[in-house]
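Structure first, then comments.
None of the figures in this text is laboratory data; all of them are computed from the coordinates on show. This is a predicted model, so every value here is computed, not measured. In this analysis, Cβ positions are derived from the backbone assuming ideal geometry, glycine residues included, and neighbour counts consider all displayed protein chains.
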2 protein chains.
Amino acid sequence: MALVVQKFGGTSVADVDKIKNVAAKVIREKKAGNEVVVVLSAMSGETDKLIALAHKATEFPDEREYDALISTGEQVTVTLLAIVLNSLGYRAKSFLGSQVKFLTDNAHKRARILSVDTEIIRKELKQGTIVVVAGFQGVDKDNNITTLGRGGSDTSAVALAAVLNADQCDIYTDVDGVYTTDPNICNKARRIDKISYDEMLEMAMTGAKVLQPRSVEMAKKYDVPIYVKSTFSDEGGTLVTKEDKDMEREILSGITYDRDQAKITVVHVPDKPGVAAKLFTPLSQQNIIVDMIIQNVSLEGFTDVTFTVSKKDLTEAQKIIQKTAETIGAKKVEVDDQVSKVSIIGVGMASHAGVAAKMFSALADEGINIMMISTSEIKISCIIQRKYTELAIMVLHDTFGLEKKSS
Amino acid sequence: MALVVQKFGGTSVADVDKIKNVAAKVIREKKAGNEVVVVLSAMSGETDKLIALAHKATEFPDEREYDALISTGEQVTVTLLAIVLNSLGYRAKSFLGSQVKFLTDNAHKRARILSVDTEIIRKELKQGTIVVVAGFQGVDKDNNITTLGRGGSDTSAVALAAVLNADQCDIYTDVDGVYTTDPNICNKARRIDKISYDEMLEMAMTGAKVLQPRSVEMAKKYDVPIYVKSTFSDEGGTLVTKEDKDMEREILSGITYDRDQAKITVVHVPDKPGVAAKLFTPLSQQNIIVDMIIQNVSLEGFTDVTFTVSKKDLTEAQKIIQKTAETIGAKKVEVDDQVSKVSIIGVGMASHAGVAAKMFSALADEGINIMMISTSEIKISCIIQRKYTELAIMVLHDTFGLEKKSS
């Protein structure tokens, strides 16, 4: 008898009929003789609706209350699934973060999981109960409701699989696995059978939407193999697991993109120690995440500093950086909100020479100018003009022959 | 410094703008130097929406899950109010039933309150926090979410006022108090300044919608004076409190009606011991509440038994009683779903002779036939044809001179 954790996302539980479809998948695992723990997101769109309510009340809602408000979305789906399962003759019980003591720190809206009380869950499993846990939510030590941040339900599922030492963690979503790139953009995109934690992490961080980076990090830390599957089809699937020799044979695993990027350049910055700190500290204080940073070589004591932020943070970032620029005596601030980040990811990159050169040439051949570059051991990201995003992906997918699995 | 409990119903918190209006009323109490505990219902219509979801899932939803599902409505309003209050510079915290240990028995959908942990609330009040508690919900000893039944938020508020020994319990609603009868039906209806617990209880039980019977019962038990006020106006208000000599001067306090009535007659029942039990036990087993019961005098060993049930229970009740009737050898079952119950209520009734006679004559003068009568010390109820409901109310209101307060 295996212990299986199944997680279903918002589109999989979007209405009562879809929840009945989820119930069928849950029952299949149960009938196969397994112990089953289910983790659910809120109905798609529901969390956004609750957030809109909070923001209709005020611009900056109290975070404790905000978390208690938006956590109701998962409470609705887990109880409905438990209702459906019971009506079909399967003993099922829903549990909120507070009920399974999903203990987190008190950083509202982005809480980190500290521990989970497995005793309650194990007791129920032993009695044959299907345990349905609300994703995305927890409680701090004072019993205040916390949430884990966007996509936190993936993290909830992986955390449960880890503490329960589950045999399997299935993340059901509206696609049938992880692809070499977005199939909506490139029709040659191929589903990947197996991918390493590190590659998946880079893909998630550079734009692939299928899994949240934090859940992949946690899966890696506790070595929980994740199986990404479709809720709506039994075909396909991608296993996210430890690196093995199969994976190394591929140069690239995938190509990702992120259109939600904006570029800010601070021109003619006096090149003195502490200038970078002066530029970026005020941004981080406002919780604005800076992604790529480039500093040109200094020329006659002055330099240009370019960095990217998420488009939604641009207005706020620009306001802050304009003030800083004046303080430190920079010449001006330039902004470009028409950029994208295109990234190639692969563990094979480290052992194959010339991958970067090949990428740059391919883009150059199409007349695509590279504005910024950032690299890690298994990833190269380029900032390009947004209008070339699709072209860049097609070209790179062809150049690296991703449509075919190497054998 | 007084401790004030304020309860706002569903229409008072129907959207964010209305919640801002509620916040103004809360702040007014706070600014007056009081400690404030607020109890909220769900947005009007929200609980019905959640119930519809549950019933879309299955006809008879698991009750544990059902309670956890429908309790989300109050979670939304209490967090939104706390968000608004905080945004206006007032420290406020929302608390769910589970967070203030609103301990109940485990009778889901109709749980009874056992205790409330006042320590958490008192600690917050001492720090100047406005405490916003979700009405309608509690937890059983195993931390399962329970609900108190329809209108349970009134009961939550009175219970909190009782355990906190509050100086005042204000029930805000969409009308400005308790009226001698429904002003929508009788334009001579007069707002009552002060009414006794017993009269209010009879009025609530016989059709007045403004307060739930259970909350009045609890208010009486713990002697919590309730002030019924309008959320949308500062005028008016009705105090529900202990009986005093002012009240006795009035013969009648009010006239109520209930159109949600159906009458069932079992004809030619063999008049043997145990027949009543045989008739009514199967009904109570299906949770069907029987209101009035009349048994005719026996004639040659046979009798007729007539009783009333809520209209929504009629189909089910008829099915059950038909079966019983056959078993006990009754002749037939007759049903009338076109009836209403009209009641007159007043503590003065006990000390004033001829009230019943006056009621019956007034109805007779209008040609209204009385089908069934039931009385208590302070109430007389008559079942009449539904089409005469409005006429009966107008006539009785005039007959007993309710438009004028006696002095």
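Summary table below
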item	result
For the protein assembly as shown, projected area of the alpha-carbon convex hull averaged over all directions, nm²	43.4
Shielding score for A:59-69, defined as the mean number of other chain Cβ atoms within 10 Å	6
Sorted by Cβ neighbour density within 10 Å, fewest at the top, the residues A:Lys20, A:Lys319	A:Lys319, A:Lys20
Whole-angstrom gap from the range B:123-144 to the range A:386-407, using each part's C-alpha centre	56
Residue exposure sequence - B:Tyr172, A:Tyr222, B:Tyr197, B:Tyr90 - by fewest surrounding Cβ within 10 Å	A:Tyr222, B:Tyr90, B:Tyr197, B:Tyr172
Convex hull projection area averaged over all views, the range B:111-161, Cα basis, nm²	3.7
Within the range A:330-351: backbone nitrogen closer than 19 Å to the A:Lys319 label point (7 Å, Cα to C-beta)	A:333-337
Highest-first arrangement of B:280-293, A:63-76, where packing means the average Cβ count within 10 Å	A:63-76, B:280-293
Sites A:Asn165 and B:Ala277, calculated FRET efficiency, Cβ-Cβ separation with R0 60 Å, nearest 0.05	0.60
The range B:160-239 and the range B:69-107: distance between their alpha carbon centers, rounded to Å	24
Normalised convex hull volume, the range A:296-380, alpha-carbon set, Å³ per residue	143
Label-point separation, A:Glu59 to A:Lys188 (7 Å along Cα→Cβ), nm	4.9
Kirkwood estimate for the range B:193-325, i.e. one over the average of 1/r between Cα atoms, Å	17.7
Using a Förster distance of 25 Å, the FRET efficiency for A:Lys245-A:Asp223 (Cβ separation, nearest 0.05)	0.90
Rounded to 5, percent antiparallel among DSSP beta bridges of the protein assembly as shown	60
A:Ala107 paired with B:Glu235, simple spin-label distance in nm, labels 7 Å along Cα-to-beta-carbon	5.6
Chain B - percent relative contact order, Cα under 8 Å, separation 6 or more	14
Least to most buried among A:Lys220, A:Lys387 (fewest other Cβ within 10 Å first)	A:Lys387, A:Lys220
Cα-based convex hull volume of chain A per residue, rounded to whole Å³	157
Contour minus Cα-Cα distance for B:Lys141 and B:Lys49 (0.36 nm per residue)	30.3 nm
Whole-number D in µm² s⁻¹ for the range B:255-399, Kirkwood Cα-pair radius fed into Stokes-Einstein, 4 °C, 1.567 mPa s	80
